[in-house]
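The values are calculated or read from the model by the stated rules, or taken from the named source; none is laboratory data. Quick caveat, the model's predicted, so the values are computed rather than measured. Every residue, glycine among them, receives a Cβ derived from its backbone with ideal geometry; neighbour counts consider all protein chains shown.
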Amino acid sequence: MTRTTDTVALDDWQVVGPSARITAAAPCRTRLLGQDIVVERAADGSLRTVEIGNDGVRGAAHPARDLYGYVWTTLGDPPRDPLDMPEFEEAGRRFVDCGKVTVRTSPLRIVENFLDMSHFPYVHTGILGEEPLTEVSPYKVEVREPESEIWATDCRFYQPQAAKSATGGIDTQYMYRVSSPFVTVLYKTCPAVEGAWDLIGIYVQPREETVCDVHIFMLLLDDVSSDAELISFQHEIFQQDRSILENQVPALMPLDPGAEAGARADRTSTVYRRWLRDRGLRFGVHGAAA
Amino acid sequence: MPDPQPAASTSGETKSIRLPSPPHGFSHDAWYAIGGTSALADGAVMPARLFGTEMAVWRGHDGICRVWANRCIHRGMRLQFGFVEGDRLACRYHGWRFGGDGRCVHIPSFPEGAPPDDFRIARFRSTEAGGLIWASTGTPPEDSPLPAALAEIGDGLVFCRSLAVNAAPDVVAGLAAAPVFPPVAADAAGLATPVSRDGDGALRCAWATPDGTLEAAYAARRLRDGVTVAEVSGKAGRETLVLLTQPVDDRRARLHVLAAGSGPAAAIRRHYAAWGRRFRWFAEHPGAHVASWSPVAAARELVQ
Amino acid sequence: MIRLHDYVLSGSCYKVRLLLGLLDVAYEAVPVDYYPGAAHREPDFLALNPLGQLPVLEDGDLVLRDAQAILVYLAGRYDPTRKWYPEDPATQGTIAMWLSFAGGEIMNSSAARLHDMLGYEFDIDKVRAAAHAAFRVLDDHLTEREIDGHDWIAAGHATIADIACFPYVALGGDGGVSLDDYDAIRRWIARVRQLPGFTVMPGIYRD
């Protein structure tokens, strides 16, 4: 085990698991940014993270907190709180924890795949897209201050089956948000309620530079489908991505603008890579020792 | 998963890919067989590896086989998982289409745009000859990969099979050139004579019954790195066995087996495909090469 | 209507979904929250299958567990061509041999996949080595079959032996068991994908 030295990655909040599964009787033993940790809940419900050394000896303690159904922790000193999602306060919202899936690649590849629409007809054929409707119309990307979050808006794509409850193809609208290097949420057309957004997000927990646990959640206005059906739909989509993600070479993501070819539809990816370069992130980056 | 490769530039030139040092006896600037022509149908894609360098090998519906770097220039997706459309290869991730010369000809997310000229997959020199697909990570001096001796055998050579062997390339090539077990029937109840060297440099080994009757003989000549031609004589007559070693990486190789003989092609293929499996066993169990080895004992060892 | 207790990422369930599609038999998929819910370990499901495993098939009063057993039943009941599970003893014996292999040695690939994807505890090096050994046996067999002019595991046409072996072989990559060494397996996978009525699951491509 080698803990990262990259303070950009360390000075941030990462998710380690669902709040409901980390109890006083069931601490969470895991690895974060190359560091073995145990996340413990006290009898009063408070949380803390303790580093575990190579020799198994308990080391430094760090803060941990519940937020939006998950336990977040940090091994450093984050300058700000994790993202704000007011939708969680809305009535009628249904939160679904879809579990975590391990993927062997850089966390940055995982986030970038989540932000991309042009793979829909090829990787999620017949569900999120299909030939010949492959064109990605121009959309907007900006970095919003003061949170310094990336937002892609005015995204839209024709989808044969946009959601579990969908009964036919629709033009789905999307917004994508990146609040920190390993945290991204998408907002998509809610089939049930016109004008509302369903949220699907991934919290990528990098155990090491190319081994990540991806925690997947949904916040929906669907009251028709069972949890099993919703989770099954999400797992199907994510597993299709996983078999691509583990076959990208190199696993560490290059951030140099000329390293990989881009197309017009890759604007969010271009902004994400530049945003990561500006932050000085080394963890998960090709050619940067972390 | 295999180690990540350094990101190549999008210029598509092979020299931009950093190549590791080849194992002893092998060279980048040489041709190596990487599979049988019949193993890659029109419209199929398969992976290959030389000296640890990953390749995607595909055949268009124009029948032409191409060997490319196993990495799409867009987001690094392995092209071995792509699909063939006409005489183009499509990447599985975003469906980018590449023409026979490696140039990107279509980007589905932006269909009316013309992809830039330098959007090109890195390619390797490749050709087909003698029933085999050949490739090189460098620049071989010869245009034809086929050694003259193989060209002479000509059409009689039947491709039997390729085998992945978990042994170093020089071990595999060495075993192919210096036989220690009979390529004939496994139940040949004879004893091996020591390996000797012929006047023309061939390594010869013979098996005889206790009363001295010759059962089988095998004389192998190493043509060049990784290519061995052997004359096999046994009760069934004479056959020619051609063994080509493909250096996959430091620890692994592939063996391509071709044979020629007077019997029906299917019988020859069946026989030497089975022989190849025994070869693989010996290559992966180096402790089995003992001086007191006998075919019977070896056959018993192989029973599972 | 046939009811299949199912989980989208289960290769064992996919064996059944695949054959149902190839036979063009309608069914109702009943999703079970296998992960993260572990519903297959709860009393309601255990009443259906005390082994706590998927798939389980219900057809009228018949309740069957074990993917291989379900394939035998579906082929026997719903295949008028008698090709998916031919009636001659030699072929049935051969198919049974490969069904055993599919539910046995090949399942090392399933273990590697569960370890790599969902963090199940296995000795991963041992399990991957065992999966490779099994894949090699199948690849050698398919190579011999090709030399003899046959494209399928147990007969001159596809049978339930091919369907039973297919998912966890094709999904080897999910568990870090690459198919790069297995030429004949890759060609066989391409043939399976061409079968009329073939359906995919995540990790398996259509073309």
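So the values come out like this:
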item	result
Subset of segment A:250-267 [under 11 Å from B:Gly76 (Cα atoms) and among the small types (Gly, Ala, Ser)]	A:Ala251, A:Ala259, A:Ala261
Among residues of segment C:133-154, those that are surrounded by 21 or more Cβ atoms within 10 Å (Cβ to Cβ) and under 18 Å from the mean Cα position of the chain (by Cα), counted	7
Odd one out for B:Glu85, checked against (1) surrounded by fewer than 17 Cβ atoms within 10 Å (Cβ to Cβ); (2) modelled with pLDDT of 95 or more; (3) farther than 23 Å from C:Ser178 by Cβ; (4) under 23 Å from the mean Cα position of the chain (by Cα)	(4)
Residues that are within 14 Å of B:Ile121 (Cβ to Cβ) and of a type in the set (D, E, K, R), drawn from segment B:55-86	B:Arg66, B:Arg71, B:Arg75, B:Arg78
Selection count, segment B:256-279, where residues are among the aliphatic types (A, V, I, L, M), within 18 Å of C:Asp183 (Cα to Cα) and more than 12 Å from chain C (Cβ to nearest Cβ)	1
Residue within segment C:29-37 that is in contact with a Gly (Cβ under 7 Å, 6 or more places away or on another chain) and small (Gly, Ala, Ser) present	no
Every pair of residues 6+ apart whose Cβ atoms lie under 9 Å, when the first sits in segment A:221-245 and is without any contact (Cβ under 8 Å) to a residue 24 or more places away in the chain while the second is assigned to a loop (DSSP other than H, G, I, E, B) and hydroxyl-bearing (Ser, Thr, Tyr)	A:Ala228/C:Tyr7; A:Ala228/C:Tyr34; A:Ser243/C:Tyr205
Matching residues, segment B:44-87, being within 14 Å of chain A (Cβ to nearest Cβ) and in a strand (DSSP E or B)	B:Val45, B:Pro47, B:Arg49, B:Thr53, B:Glu54, B:Met55, B:Ala56, B:Trp68, B:Ala69, B:Met77, B:Phe83, B:Glu85
One residue from A:Val38, A:Val57 being touching a Lys or Arg at 6+ places or on another chain (Cβ under 6 Å) and over 25 Å from A:His235 (Cβ atoms)	A:Val38
2 or more residues touching a residue at least 60 places away in the same chain (Cβ under 8 Å) and within 23 Å of A:Ile231 (Cβ to Cβ): qualifying helices (runs of 4 or more DSSP H) within segment C:1-107	C:11-23
Verdict on A:Glu51 being crowded, with 17+ Cβ neighbours inside 10 Å and not hydrophobic (A, V, I, L, M, F, W, C)	yes
Residue in segment C:169-178 that is without any contact (Cβ under 8 Å) to a residue 12 or more places away in the chain and either crowded, with 24+ Cβ neighbours inside 10 Å or under 22 Å from C:Tyr205 (Cβ atoms) (or both) present	yes
Residue that is farthest from A:Leu33 (Cα to Cα) [pool: residues in segment A:256-290 that are within 12 Å of chain B (Cβ to nearest Cβ) and acidic (Asp, Glu)]	A:Asp266
Tally of residues being away from chain A (no Cβ under 14 Å), in contact with a strand residue (DSSP E or B) (Cβ under 7 Å, 6 or more places away or on another chain) and closer than 12 Å to C:Val56 by Cβ across segment C:4-33	1
Hits in segment C:137-176 (condition: away from every other protein chain (no Cβ under 11 Å) and assigned to a loop (DSSP other than H, G, I, E, B))	C:His150, C:Asp151, C:Trp152, C:Ile153, C:Ala154, C:Ala155, C:Gly156, C:His157, C:Ala158, C:Thr159
Test result for A:Arg144, touching a Phe, Trp or Tyr at 6+ places or on another chain (Cβ under 7 Å), away from chain C (no Cβ under 14 Å) and surrounded by fewer than 18 Cβ atoms within 10 Å (Cβ to Cβ)	yes
Criterion (more than 24 Å from A:Val123 (Cα to Cα) and touching a helix residue (DSSP H, G or I) at 6+ places or on another chain (Cβ under 8 Å)) met by exactly one of B:Glu142, B:Glu128	B:Glu128
Single unsatisfied condition, B:Arg92 versus (1) assigned to a loop (DSSP other than H, G, I, E, B); (2) within 11 Å of another protein chain (Cβ to nearest Cβ); (3) touching a residue at least 24 places away in the same chain (Cβ under 8 Å); (4) surrounded by fewer than 24 Cβ atoms within 10 Å (Cβ to Cβ)	(3)
Residue satisfying condition, being modelled with pLDDT under 70 and part of a helix (DSSP H, G or I), within set B:Ala267, B:Ala291, B:Ala273, B:Ala298	B:Ala298
Subset tally (residues that are under 23 Å from A:Val178 (Cβ atoms), more than 11 Å from chain B (Cβ to nearest Cβ) and of a type in the set (Val, Ile, Thr)) for segment A:119-141	1
Subset of segment C:30-44 [farther than 26 Å from A:Asp213 by Cα and of a type in the set (A, V, I, L, M)]	C:Val30
Count of residues meeting criterion [crowded, with 24+ Cβ neighbours inside 10 Å and in a loop (DSSP other than H, G, I, E, B)] in segment B:96-106	1
Matching option when the condition is within 14 Å of chain C (Cβ to nearest Cβ) and at negative phi, among A:Val178, A:Val224, A:Val183	A:Val224
Filter result for A:Leu108 (within 28 Å of A:Ile244 (Cβ to Cβ) and more than 8 Å from every other protein chain (Cβ to nearest Cβ))	yes
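Residues checked against (1) within 30 Å of C:Ala38 (Cβ to Cβ); (2) touching a helix residue (DSSP H, G or I) at 6+ places or on another chain (Cβ under 7 Å):
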{"site": "A:Glu90", "(1), (2)": "yes, no"}
{"site": "A:Phe114", "(1), (2)": "yes, no"}
{"site": "A:Val123", "(1), (2)": "yes, yes"}
{"site": "A:Leu128", "(1), (2)": "yes, yes"}
{"site": "A:Pro146", "(1), (2)": "no, no"}
{"site": "A:Gly168", "(1), (2)": "no, no"}
{"site": "A:Arg177", "(1), (2)": "no, no"}
{"site": "A:Val183", "(1), (2)": "yes, no"}
{"site": "A:Cys190", "(1), (2)": "yes, no"}
